[in-house]
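Taken together, the values in this text are just the output of simple stated rules run on the coordinates, not laboratory data. Note that the structure is a prediction, hence the values are computed from the model and not measured. FYI the Cβ positions are ideal-geometry reconstructions off the backbone, even for glycines, and counts take in every protein chain you see.
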Ligand code: TXA
Ligand code: MG
């Protein structure tokens, strides 16, 4: 058994040798490669079975390092980075030549984040080059928040640094920052634990001219499939308060079996046989805690293999942080019952 420090030492060596390694971050575990190793970056896509159209987030360990990855480091990005970094905020900015098209899926922009986790920081510092790292799970499946999740996902093929459980539990907020005619245009491309209201609040004390934009454009916001984060058993989110539990298994048998086998390249999970055992997913009533435990609960429930896992959504699940949690729950679900 290697100590964590020995695992970090080995990870640094492997990263220098065009390998990929799994590292803890405060959001979820990431599968990391040096941005300047095309061989290692290609390995990320092949190990994850990830399509090349889904771009990777680049992890840095200083603002100076971030500046080298972009052609334009504007004042608003500098302010947000100084306010929220290191932490779970990813900034999307025009990429420099240091960042290959493989990393950005051919987009002219790069997604950048300085993670807070000390092990992630140590790795980036010691390698001396930013690390591209998507979540360390197979494409479309539940993200890992514990070292053993990653080991279950990739068996022994990847070195996993055994850090603690991810404290945030859902992926970073992805924010696009553009500057047009001296006005900044901001758009949340993926919700996370840094909320739009928090960003608005810190900006309200500054003199930047900016406006929020809604993004529905698939090209600007790739990797946003309808289904993602799926556990290996069917998850159903039930929003119909009038539904009788006695009718649930009949209804689910019918509805789940009517679903297509695949949507946007992601396999839709269906019950293996007639539904007899339904388990109810229970999350904390505190959305921050619910985010922290969501993925490990989905994985643990999958191991108990009920025929269906059901989450009942109620009016108590209201507010911005719940929206970030539901962004994952809806995509992890095979079906949403209204
Ligand atoms: O918290 C996180 O962000 C985690 C940890 C490991 O840092 N990483 C993560 O990476 O969630 P991944 O690959 O699972 O998600 C990357 C997503 C893409 O699917 C896409 O939505 C967005 O980030 N993204 C990356 N580059 C982009 C770009 N240039 N423009 C727009 N969106 C981008
Ligand atoms: Mg992911």
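Miscellaneous remarks
- Equivalent ellipsoid semi-axes, segment 1-134, via Cα gyration tensor eigenvalues times 5, rooted, Å: 22, 18, 12
- Build a GNM of the chain with springs between Cα atoms under 10 Å apart, and of 59, 317, 149 the one that fluctuates most is 317.
- Segment 245-289-segment 112-149 distance, computed between alpha-carbon centres (Å): 30
- Helix 320-332 vs. the chain, principal-axis angle (Cα, 0 to 90°, nearest 10): 70
- Per residue, the Cα convex hull of the chain amounts to 134 Å³.
- Of the residues 181, 74, 18, the one that moves most in a GNM of the chain with alpha-carbon contacts below 10 Å is 181.
- Here the chain carries DSSP beta bridges of which approximately 50% are antiparallel, counting only pairs with both residues inside.
- Note on residue 49 and residue 78: their simple-model spin labels are 4.6 nm apart, each label 7 Å out from Cα toward Cβ.
- Angle in degrees between helix 118-127 and the longest Cα principal axis of the chain, rounded to the nearest 10: 40
- Look at where the Cα atoms of segment 303-331 and of segment 1-25 average out, and the two centres are 34 Å apart.
- Antiparallel %, DSSP beta bridges [both residues in segment 174-304], to 5: 75
- Label point at residue 273 placed 7 Å out along Cα→Cβ; residues across segment 299-338 whose backbone nitrogen lies under 15 Å: 305-308
- Rg/Rg_globular for segment 195-338, with Rg_globular taken as 2.2 N^0.38 Å and Rg from C-alpha atoms: 1.21
- Solvent-free Debye scattering, log10 I(q)/I(0), computed from the Cα coordinates of segment 103-249 at q = 0.11, 0.16, 0.20 Å⁻¹: -0.63, -1.15, -1.43
- Estimated from helices alone, the mean residue ellipticity of the chain at 222 nm is -10500 deg cm²/dmol (sum of -39500 (n - 2.57) over DSSP H runs with n ≥ 4, per residue).
- Average silhouette area of segment 50-90, convex hull of alpha-carbon atoms, in square nanometres: 3.6
- DSSP beta bridge pairing in segment 48-175, given as percent antiparallel to the nearest 5: 55
- Crossing angle, helix 245-258 versus the chain [Cα axis fit, 0-90 degrees, rounded to tens]: 60
- Quarter the surface of the alpha carbon convex hull of segment 257-325 and you get the mean projected area, 5.9 square nanometres.
- Full extension of the chain between residue 16 and residue 152 gives 46.5 nm of extra length, using 0.36 nm per residue less the Cα-Cα distance.
- Fluctuation leader among 140, 250, 30 - the chain, Gaussian network, Cα springs under 10 angstrom: 250
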